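Below you'll find the structure, written out as structure tokens, and then a few comments.
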Amino acid sequence: MSDRIQKIVTRLPDLKSVTQVWDMAERRLDQGDAAFVADLGMALADRYGSSAAQVWQYRSVFDRVLRLLTTTAGQEHVEQALRLVAAASPGNRKLVRYAASLLADGQTAKDLAVAFVGGSSRAAASEELRACLVHELVLRGMTIAESPAIEAWATSPHWRHHPLAWLPLELSVIEEAPPLPSYSVGGASYPMPYGPQDGPGVALGSDTPLPQVTETTTEEFSEAATAAVANWAEESNGRSETGTYELAEPVEAEILPRLMTALGLECLSGVGPRKRFALSACRPEHAWRMLFAAASTGGAYNNGVYGAYGRLAAWRSLTALSGLSMTAPVGEVEQNIQECDWYSFGAATKWFECVAWDIGLMSVAPGARRIAVLAATDTD
């Protein structure tokens, strides 16, 4: 460890501002000394990274160093970023997922191929980082076959039991234009394809009798259906509600709003003439985008599970809502999802926070005798 790095590590907790450390790291990178930047991050992680209560100065400087290496294009920067992540992430799966997202956004597939060849200690990458990188790249439209090193790893049988191995190595039809973050050294931006339901309220009055309904919600279904929004409840202020229902006879689209308000859902409690309820048909692509954004970028007070696991969580939720499980092949699951009718909904009830993080999804299975519902909300 250089004397300069040692001084920074020692004095870090006493700093009132870390901008000078940021600027120094950026200058060293501009001078071609990416190894110094990685060494600084590794020294800081070794000293402060395992602390149960990490000092804010460490979190700020480490994130800046990681972003400098991952968002500055070039294989040398990739190699040094891999060194840093390998040293700082033993057991830290969230850091690995975050780093994979940063690398996939900031680097070319050609330069990232070094993460998949092994051998060099400078280019060492864990299997978890490689798995996340593969699907972060797929989400960004990369054709895996265009990189022999990445394709050789991604198609090898040794990781077939990894959770991400179920996902296809190319975007499916329902995954068109995934909402992805855009990173810079100083921050990130990303779209939010959900929120309070827009559009006019739907009429609830009708003389058409409702079909007999039997609730069939199971714990297994609820766990799978909420996979995409679980991080809202676990790490923020979110909550969710799910339900599956079998109908004695097929339901007509025009009575769906009234049927939904008769299911006893807490999220729709009190809906009536004075409380607006909106329901609109949507494509499965729209449902997937909402679920992917919720999983990958998180709610009001967290950052989600990032792209690779966000993709998996969105598939898991959508698969459960469509009536299948992910024990089925992905092609069968996708076909089943496309055969369902999908609706988004929202209501001006006390349950929905109506801030920026609201999801209401309902699926109607082929034959219109099974419906499934997922509602989620979060607030700052």
Given points 7 Å out from each Cα along the Cα-Cβ axis, report the R283 to L263 separation in nanometres with one decimal. 2.4
Residue-normalised 222 nm signal for the chain, counting each DSSP H run of n ≥ 4 as -39,500 (n - 2.57), nearest 500 deg cm²/dmol, is -12500 deg cm²/dmol
Checking the a/c ratio against 1.5 first, then a/b against b/c, what shape does the Cα gyration tensor give for the stretch 107-174? oblate
Neighbour-limited loop hits for trypsin sites (Lys or Arg not before Pro), the stretch 233-306 (at most 13 other Cβ within 10 Å; DSSP other than H, G, I, E, B): R274
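Note down the relative contact order for the chain as a percent, whole number, built from C-alpha pairs under 8 angstrom at least six residues apart.
Taking the mean separation of contacting Cα pairs over the length of the chain, I get 15 percent.
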Determine the share of the stretch 209-261's accessible area contributed by carbon and sulfur atoms, expressed in whole percent, with a 1.4 angstrom probe. 43
Among A34, S236, M362, whose Cα sits farthest toward the positive end of the charge dipole of the chain (+1 at Cβ of Lys/Arg, -1 at Cβ of Asp/Glu, about the Cα centre)? A34
Run the accessible area of the stretch 63-148 with a 1.4 Å probe and give the carbon-and-sulfur part as a rounded percent. 52
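Give me the accessible area per residue for the stretch 84-171, probe 1.4 Å, as a whole number in Å².
Averaged over the residues of the stretch 84-171, the accessible area is 43 Å².
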Run the Debye formula on the Cα coordinates of the stretch 308-359, all scatterers equal and no solvent, and tell me log10 I(q)/I(0) at q = 0.15, 0.19, 0.20, 0.25 1/Å. -0.55, -0.75, -0.79, -0.94
Helix 127-139 versus the longest principal axis of the chain: what is the Cα-based angle in degrees, 0 to 90, to the nearest 10? 60
Go from 0 up to the bin containing the longest alpha carbon distance in the stretch 66-110, width 10 Å each, and give me the % of pairs per bin. 31, 58, 11
Once amide hydrogens are built 1.01 Å from N within the peptide plane, the residues lying 5 or more places from G195 or on another chain with amide H under 5 Å from its amide H are D358
Where a ≥ b ≥ c are root eigenvalues of the Cα gyration tensor, a/c under 1.5 meaning rounded, otherwise prolate if a/b exceeds b/c and oblate otherwise, the chain counts as prolate
Solvent-accessible area per residue, Å², over the stretch 339-380 with all protein chains present [probe radius 1.4 Å]: 30
On the protein heavy atoms, probe 1.4 angstrom, tell me the percent of accessible surface of the stretch 275-346 carried by carbon and sulfur. 48
Would you rank C132, C282 by solvent-accessible area, highest first, keeping every protein chain in place and using a 1.4 Å probe? C282, C132
Separation between the W166 and T218 pseudo-spin-labels, each 7 Å from Cα along Cα→Cβ, expressed in nm? 1.4
Kindly rank 159-170, 211-222, 58-69 from highest to lowest mean number of other beta carbons found within 10 Å of each residue. 58-69, 159-170, 211-222
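Please give the FRET efficiency for S17 paired with E146, using the beta carbon to beta carbon distance and R0 = 56 Å, rounded to the nearest 0.05.
0.80
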Could you sort the peptides 355-363, 11-19, 23-31, 95-103 by per-residue average Cβ neighbour count (10 Å cutoff), highest mean leading? 95-103, 355-363, 23-31, 11-19
For the stretch 280-334, accessible area per residue (1.4 Å probe, heavy atoms of protein chains only), Å²: 30
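The values are calculated or read from the model by the stated rules, or taken from the named source; none is laboratory data. Note that this is a predicted model, so its numbers are computed, not measured. Glycine gets a Cβ as well: all are built from the backbone with ideal geometry, and neighbour counts include every protein chain shown. SASA here: full protein model, heavy atoms, side chains in, ligands and nucleic acids out. Shrake-Rupley method; radii C 1.70, N 1.55, O 1.52, S 1.80 Å.
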